[in-house]
């Protein structure tokens, strides 16, 4: 079969036309690329296109719903951070602080023990004479050689004389300090008085009624009292008089001492005033026991004499003694040794209401997993409660006013487990991961009753408060100190200066730190790669906690999509209108042209706001609004092109040859508009993004659409943010500016292509 000459001729023509178009495009590209503006715009757009493609992979969080957890954005306010004029480090660790609130306004002092045994009161700023950081010596530091101090404890006692005279309570703070020696130790008890006429906070504090008692052996731990520090003092407290026991069965103050000598380990009970021995009980084991725990510190009247208990754990047993006689009431035995460092935990309300069948102690045992048991305070009956995957290093409970406490916190080196409402269930379901890199968590958490949180503190002073309600972000606030230092176990108090619950501890750098137990919102956060939750915020957060980097990355596809959609709509409308008006004559074309001119002459911003408010804030409506407002300028320019081309002779020749209107528009008009279409498309994309940013900045467009302009909207009401949080403002501002200028540069480069007069030769 012979080849058809016509087909070969057509194929050759197509190839020639393709080569011609390729050469023409190459020539135009060279012209464009010689333009410095066009080259710069192209590079910027390529970079932004790459970021747009990577946006789904680089967006760290949902830009619309993610809010940084409170453990990252809330921190406790530091009420006091003051250097101490003495060393507190004994045997490599700082000695702990103590506080006791007797007045309704809270604590005026935090009591701190020096490495040489002196006890000082440090003012919290609650009165004119106890300024923040002021130091008052209370018990002298002239400790005899060879004695080692323990941290002093502050606690309240009532006056028996005042009570018997008029049945009113006269409460005072007392200090109890232990000094350990090789063969004999010293226990010191002193009352804290004030030089002013109005009691606590009036004048300056001093110590009097000082008693020193020598005990036969080496103290193994600080002595403790049967009255404990309280942020709010209950109705009753033990009396500072040994005669209280004989005066209608009232409860006297006791001091408990754990010591070791050649005969073994002993638990001794002393009256406070005078400090005489009541009884001494030799413990059967040889290991160091837990700190003694008193049950019934604030029981009222005679019932407290018979129902109170003193508990001490050693090895795998827990012993309960009758305070009045020293008789062993019961002994509870466990399957593993008791975690002595955790001790026996008693819900605070069990110190106020009399013992009930539901009153129980919580005891952590050694081992991995870490078992926790409950022990009936009345009978000593043991029940298994739960077991954590790791060894237990801390334990606390809520107040437990009615039976089982509302929640129990079990702390391991890596996790805190919550038992809510007595439901042990799956511990992992109510677990909170402890932040890593802030030191080990090895002290009992503090229950903060007014805030309903548990405050956990690491060995380096990092603290955070966990909400009892848990939820996806249970950590309510955090606080960290730099440089990191080891700290003593923290104490809870009511600060008389702030009136809120505060937490205080002493650091190994001899600082006293006190901070509120309520969090303060720190948003907007500065950029950080080491947030407590493990999240990273390369651009920080905004005022509500949104991740700015995620919003910034998510804005790339949206800004591109809106720009392209609006530009496409503008080009389509402009082409149709320009061809209709420019090619068709008559009153209809004149009316459309006049309407186009009216829309073009209407102030753009005002028209944009009015139309946007009428259309409503939705993604589609915003595209339609920007398209409606943007097309007149492009259409009027293209109308001139169409009218100019219509008068050319090749258009008349096309008509004579039989070409229809649509064919002329498609084959002759559209190609002549193409260079300008590319130019106006570039301008329209940048203009659409600017228009959307303007509407969002003014609050007209929906802020649920993540765009760079939407990120800047808070500046409309608060320009101070630009100085307060530049990490928030700079990225979207720079990106938006670069995006718009990129298309301006591209349009300038295209202008050099289509307009030879502006080219540089």
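The values are calculated or read from the model by the stated rules, or taken from the named source; none is laboratory data. Bear in mind the structure is a predicted one, so any value in this text is a computation, not a measurement. Using ideal geometry, Cβ is built from the backbone for each residue, glycine included, and neighbour counts are taken over all protein chains shown.
Tabulated values for the structure
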item: Leading residue by the ranking (surrounded by the most Cβ atoms within 10 Å (Cβ to Cβ)) among those in the stretch 327-349 that are under 26 Å from residue 156 (Cα atoms) and touching a strand residue (DSSP E or B) at 6+ places or on another chain (Cβ under 6 Å); result: 342
item: Complete set of residues in the stretch 156-186 that are under 19 Å from residue 215 (Cβ atoms) and under 43 Å from the mean Cα position of the chain (by Cα); result: 174, 175, 176, 177, 178, 179, 180
item: Inter-residue pairs, beta-carbon under 9 Å, first on the phi > 0 side of the Ramachandran plot and surrounded by fewer than 19 Cβ atoms within 10 Å (Cβ to Cβ) and in the stretch 447-464, second modelled with pLDDT under 85 and part of a strand (DSSP E or B), 6+ apart; result: 452/467
item: Single condition residue 154 does not satisfy, out of (1) surrounded by 22 or more Cβ atoms within 10 Å (Cβ to Cβ); (2) farther than 18 Å from residue 238 by Cβ; (3) at pLDDT 90 or above; result: (2)
item: Search result, residues across the stretch 510-529 that are over 12 Å from the mean Cα position of the chain (by Cα) and either part of a strand (DSSP E or B) or in contact (Cβ under 8 Å) with a residue 24 or more places away in the chain (or both); result: 510, 511, 512, 513, 514, 515, 516, 517, 526, 527, 528
item: Given (1) part of a helix (DSSP H, G or I); (2) modelled with pLDDT of 80 or more, number of the condition residue 545 does not satisfy; result: (1)
item: Looking only at the stretch 30-70, and only at residues there that are assigned to a loop (DSSP other than H, G, I, E, B) and under 23 Å from residue 679 (Cα atoms), the one that is nearest to the chain's Cα centre (by Cα); result: 35
item: Checklist (1) within 26 Å of residue 486 (Cα to Cα); (2) under 30 Å from the mean Cα position of the chain (by Cα); (3) at pLDDT 90 or above applied to residue 438, failing item; result: (3)
item: Any hit, the stretch 140-150, residues being at pLDDT 90 or above and either within 30 Å of residue 465 (Cβ to Cβ) or surrounded by 19 or more Cβ atoms within 10 Å (Cβ to Cβ) (or both); result: yes
item: The stretch 406-432, residues that are part of a strand (DSSP E or B) and in contact (Cβ under 8 Å) with a residue 24 or more places away in the chain; result: 407, 408, 409, 410, 411, 415, 416, 417, 418, 419, 420, 432
item: Identity of the residue in the stretch 187-201, more than 42 Å from the chain's Cα centre (by Cα) and in a loop (DSSP other than H, G, I, E, B), that ends up nearest to residue 276 (Cα to Cα); result: 195
item: Check on residue 554, at pLDDT 85 or above, touching a helix residue (DSSP H, G or I) at 6+ places or on another chain (Cβ under 7 Å) and surrounded by 14 or more Cβ atoms within 10 Å (Cβ to Cβ); result: yes
item: Unique residue being touching a residue at least 60 places away in the same chain (Cβ under 8 Å), closer than 19 Å to residue 284 by Cβ and either more than 38 Å from the chain's Cα centre (by Cα) or assigned to a strand (DSSP E or B) (or both) when the list is 326, 380; result: 380
item: Residue 371 being on the phi < 0 side of the Ramachandran plot and not in a strand (DSSP E or B); result: no
item: Residue pairs meeting the criteria (Cβ under 7 Å; at least 6 apart or on separate chains; first on the phi > 0 side of the Ramachandran plot and at pLDDT below 75, in the stretch 568-584; second surrounded by fewer than 23 Cβ atoms within 10 Å (Cβ to Cβ) and not in a helix (DSSP H, G or I)); result: none
item: Residue within the stretch 89-109 that is over 31 Å from the mean Cα position of the chain (by Cα), touching a residue at least 24 places away in the same chain (Cβ under 8 Å), more than 22 Å from residue 496 (Cβ to Cβ) and in a loop (DSSP other than H, G, I, E, B) present; result: yes
item: Flag for residue 361 being within 22 Å of residue 429 (Cα to Cα), at pLDDT 90 or above and touching a helix residue (DSSP H, G or I) at 6+ places or on another chain (Cβ under 9 Å); result: no
item: Among (1) closer than 30 Å to residue 495 by Cα; (2) over 38 Å from the mean Cα position of the chain (by Cα), the one test that residue 297 misses; result: (2)
item: Enumeration of residues in the stretch 480-493 that are surrounded by fewer than 23 Cβ atoms within 10 Å (Cβ to Cβ) and at pLDDT 85 or above; result: 486, 489, 492
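The rows are residues; the columns are (1) surrounded by fewer than 17 Cβ atoms within 10 Å (Cβ to Cβ); (2) over 22 Å from residue 332 (Cα atoms).
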residue: 241; (1), (2): no, yes
residue: 245; (1), (2): no, yes
residue: 253; (1), (2): no, yes
residue: 258; (1), (2): no, no
residue: 264; (1), (2): yes, no
residue: 270; (1), (2): no, yes
residue: 279; (1), (2): yes, no
